[in-house]
Ligand code: PXP
């Protein structure tokens, strides 16, 4: 049993389907299927399924969420921007967890963490509505002490620390600095009684660095696992990541 849990983000299973079937959602040929992928991740030992419903519906569709909600065995972690339309979907679908992320139309993927300090007023009522529905809330933030403090003040259960800068660091010096930032933010969040998750850009190589961040409960990983699945199959790809995570000292 791993002490560090894995949530697999299946957005890119939907990306591949949409590439061919976006205009034919009812086609019996539409593939690959997000629920089949989610079940394979669960069979391989993943502890949650992560999906990002974007306003532009570029990958995950509402129907994906409905089927996942009804059929997965673990928990559903819905990543979403804080917009009225998407909040209404979350309240209807009722995932176990919501992770609020910033969302820009032009971006390829989530680029930075939420600015919880600047957006406090907009985040507060959404967090309240999600809590009233029994949904646990996470805020996806850059690993700074200021953002951790602001998140703790908002009464959320969790933060997800953005690991993208560490993943994309192109010098050892920057990598070291980012790792230190992550370590300090994780400690601070844990001291504020927040569950500490991490995600974005984590792969089979940099997992060794992520394993050096203390106080972590869960990693949310998508692109590298779905990519690896093309070579070894999805179950093996998930198992390989879990094996790397098993080295986490806790
Ligand atoms: N966590 C959050 C909050 C994200 O926005 C994403 C990307 O959708 C991920 C984790 C997964 O990132 P990656 O696909 O780079 O593993």
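The values are calculated or read from the model by the stated rules, or taken from the named source; none is laboratory data. All of these numbers come straight from a predicted model, not from anything done at the bench. Glycine gets a Cβ as well: all are built from the backbone with ideal geometry, and neighbour counts include every protein chain shown.
For the range 168-177, indicate whether the set of residues that are surrounded by 18 or more Cβ atoms within 10 Å (Cβ to Cβ) and in contact (Cβ under 8 Å) with a residue 24 or more places away in the chain is non-empty. No, the conditions are met nowhere in the range 168-177. Looking at residue 81, is it more than 13 Å from residue 222 (Cα to Cα), in contact with a strand residue (DSSP E or B) (Cβ under 9 Å, 6 or more places away or on another chain) and away from the ligand (no atom under 16 Å from the Cβ)? Criteria not met by residue 81. Applying the condition of being over 17 Å from residue 226 (Cα atoms) and in contact with a helix residue (DSSP H, G or I) (Cβ under 7 Å, 6 or more places away or on another chain) to the range 48-57 and asking which residue is surrounded by the fewest Cβ atoms within 10 Å (Cβ to Cβ) yields 55. Evaluation of residue 33 against the conditions (1) touching a residue at least 24 places away in the same chain (Cβ under 8 Å); (2) surrounded by 14 or more Cβ atoms within 10 Å (Cβ to Cβ) shows that the sole unmet condition is (1). If I filter the range 64-76 for residues that are at pLDDT 95 or above, surrounded by 14 or more Cβ atoms within 10 Å (Cβ to Cβ) and part of a strand (DSSP E or B), do I get at least one hit? Scanning the range 64-76 turns up at least one residue that is at pLDDT 95 or above, surrounded by 14 or more Cβ atoms within 10 Å (Cβ to Cβ) and part of a strand (DSSP E or B). Right, residue 78: without any contact (Cβ under 8 Å) to a residue 40 or more places away in the chain, within 20 Å of residue 159 (Cα to Cα) and in contact with a helix residue (DSSP H, G or I) (Cβ under 9 Å, 6 or more places away or on another chain) or not? Yes; evaluated as a whole, the condition is true for this residue. Against the criterion of being closer than 20 Å to residue 217 by Cα and not in a loop (DSSP other than H, G, I, E, B), residue 50 qualifies. Of the residues in the range 12-44, how many are touching a strand residue (DSSP E or B) at 6+ places or on another chain (Cβ under 8 Å) and at pLDDT below 95? Looking only at that region, the number is 0.
Residues in the range 6-30 that are assigned to a loop (DSSP other than H, G, I, E, B) and surrounded by 13 or more Cβ atoms within 10 Å (Cβ to Cβ): 3 in all. Within the range 38-47, the set of residues being part of a helix (DSSP H, G or I) and surrounded by 22 or more Cβ atoms within 10 Å (Cβ to Cβ) comprises 38, 41. Cβ-Cβ contacts under 8 Å between residues 6 or more apart (or on different chains), taken from a first residue in the range 199-222 that is closer than 14 Å to residue 168 by Cα and touching a residue at least 12 places away in the same chain (Cβ under 8 Å) to a second residue that is more than 11 Å from the ligand (Cβ to nearest atom) and part of a strand (DSSP E or B), are listed as 210/216. Scanning the range 1-31 for residues that are in contact with a helix residue (DSSP H, G or I) (Cβ under 7 Å, 6 or more places away or on another chain) and within 16 Å of the ligand (Cβ to nearest atom) yields 4, 6, 8, 10, 12, 13, 14. The residues of the range 100-156 that are part of a strand (DSSP E or B) and near the ligand (Cβ under 10 Å from one of its atoms), listed by number, are 100, 138, 139, 140, 141.
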